Amino acid sequence: MDAPTLPSIAPSKSKTRPLDHITVVALEHAIAAPFCTRQLADLGARVIKIERPGTGDFARAYDQRARGLSSHFVWVNRSKESLALDLKVPQHLAVLKALVAKADVLVQNLAPGATARMGLDAATLRAHNPRLIVCDISGYGNDGPYRDKKAYDLLIQSEAGYLSVTGTPEQPSKSGNSIADIAAGMYAYSNILSALLQREKTGEGSHIDVSMLEALTEWMGFPMYYAMDGASPPPRNAAAHATIYPYGPFQVGGQLGIHGEHIGTVMLGLQNEREWAQFCQHVLVQPTLAGDPRFHSNAQRNDNRLDLQSIILNTFAQLTLEQVTERLERAQIANARMNNMADLWAHPQLQARQRWTQVASPAGELPALLPPGRQTAFNYRMDPIPQVGEHTASILNELGMRL
């Protein structure tokens, strides 16, 4: 895939960033913890990533799709320093402990109990460095009957009930990205920022215990309350909304693939009765339908969605995707294209808002999306993706230590 056009980025008003003074040591692998620490690095934090000598973070070997590098690793590991240590070797472990003693934050997502066995648990470390913030990220948390249960993203999606409301009536489906890891990484990131603010008030660090299960369960709030007190849960409706209708993908006629199949699909969503009336008048061109007792509220439309679906599809079958989109826009009905990854790389809105820049990597310059949220006070840090152990010598020199 060709890289997007890369516009110049306007210089910031300040050369400092919010976390320029913060050092983070990361005992991390896979996605959850690296996603958290990359965002800390985006804000200027110095993130020192501890990796196995030679192979490094096992996410480096997930694939080779990013010009020979792992797509997962490229995504979550820019702007970090890589320190290669074998923590089973006492001399290497001593280097890590010396580094943590001077750090502001330790983030780790090793197996539960692993850091305690090395003397790197929060209680031990904070006894010597009370200002230290320790953030543990795990599947199920540091206690409870599931503490030692293995936890991968798909397994947490299942435990958190995500699969029960995602997919088709016949087949549950996982998210196409690592949603449980992302949720945990986001809550770790926000908790660390909160802990840094609190430390400014109290002078004390803290211990943060983030679980993937609790993070994704928080994101399941709507379906949980919908099914409260034994009520039926939201049904799996593929890309359609479980309880609002019409809301989801609708096939459009007028465009055929090379085998004669329909390739036009529009995504649309109605939220209220005003929009329903507009939809009937300007999109379906059947204004009297708005008063049909089968459809006069969302509850009725949802109960009679098969009847309404037939009416919508019959109308759309006579139109091209462009014609349907034009009608939806004229009626001010929310709609979207069903983009693939190539479409997203080339998305005109991302281009217009200058959201792309470049980062260096062992494979050369790579396109990188700027972090969400424009800033007028500073520029985000967008430094290289490191090789395994690239910064080992310089960090050892800084500590006055040798291996």
### Query
So how far apart, in nm, are the two label points at ALA277 and ASP307 if each is 7 Å from Cα heading toward Cβ?
2.1 nm
### Task
Determine one quarter of the surface area of the Cα convex hull of the range 247-344, which equals its mean projected area, and express it in nm² to one decimal.
6.6 nm²
### Query
In degrees between 0 and 90, to the nearest 10, how far off the longest principal axis of the chain does helix 90-101 point, with axes built from Cα atoms?
70 degrees
### Query
Over the chain, how many percent of alpha carbon pairs lie in each 20 Å bin up to the one with the longest distance?
22, 47, 26, 5, 0
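Between ALA61 and GLN323, what length in nm is gained on full extension when 0.36 nm per residue of separation is reduced by their alpha carbon distance?
On the way: separation 262, 0.36 × 262 = 94.32 nm, distance 4.58 nm.
Extra length available between ALA61 and GLN323 comes to 89.7 nm.
Using 0.36 nm times the number of residues separating MET228 and HIS241, minus their current alpha carbon distance, what extension gain do you get? Don't jump to the answer; show the numbers that get you there.
Numbers: separation 13, 0.36 × 13 = 4.68 nm, distance 1.88 nm.
Result for the pair: 2.8 nm of gain on full extension.
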### Task
Enumerate the amide H contacts of VAL359 below 5 Å, restricted to partners 5 or more residues apart or on another chain; note that Pro and chain-start residues carry no placed amide H.
LEU366, ALA368
### Query
Using 7 Å Cα-to-Cβ label points, what is the LEU369/SER71 separation (nm, one decimal)?
1.3 nm
### Query
What is the distance in Å between the Cα centres of the range 346-403 and the range 44-95?
14 Å
## Note on the structure
Computed about the Cα centre, the charge dipole of the chain from +1 Lys/Arg and -1 Asp/Glu charges at the Cβ has a magnitude in debye, to the nearest 20, of 1000 debye
### Task
Out of all DSSP beta bridges with both ends in the chain, state the antiparallel percent to the nearest 5.
45 percent
### Query
What is the Cα coordinate range of the range 112-241 on the first, second and third principal axes, sorted by size from largest, in whole angstrom?
55, 32, 29
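Determine, for each peptide in 340-351, 89-100, the mean count of other beta carbons within 10 angstrom over its residues, then list the peptides with the highest first.
Working: 340-351: 11.6, 89-100: 15.6.
With the highest mean Cβ count within 10 Å placed first, the list reads 89-100, 340-351.
At 222 nm, what value in deg cm²/dmol follows for the chain if DSSP H runs of at least 4 each add -39500 (n - 2.57) and the sum is divided by all its residues, to the nearest 500?
Numbers: 16 runs with 137 residues, N = 403.
About -9500 deg cm²/dmol.
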### Query
Angle between the Cα long axis of helix 179-202 and the longest principal axis of the chain, 0 to 90 degrees, nearest 10?
50 degrees
### Acute angle (nearest 10 degrees) that the helix 305-316 long axis makes with the longest principal axis of the chain, alpha-carbon atoms
80 degrees
### Cα-projected label distance for GLN91 with SER194, points at 7 Å along beta-carbon direction, nm
4.3 nm
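Each value in this text was obtained by applying a stated rule to the coordinates, not by laboratory testing. Because the structure is a prediction, the values reported are computed rather than measured. Reconstructed Cβ throughout: ideal geometry from the backbone, glycine too, with neighbour counts over all protein chains shown.
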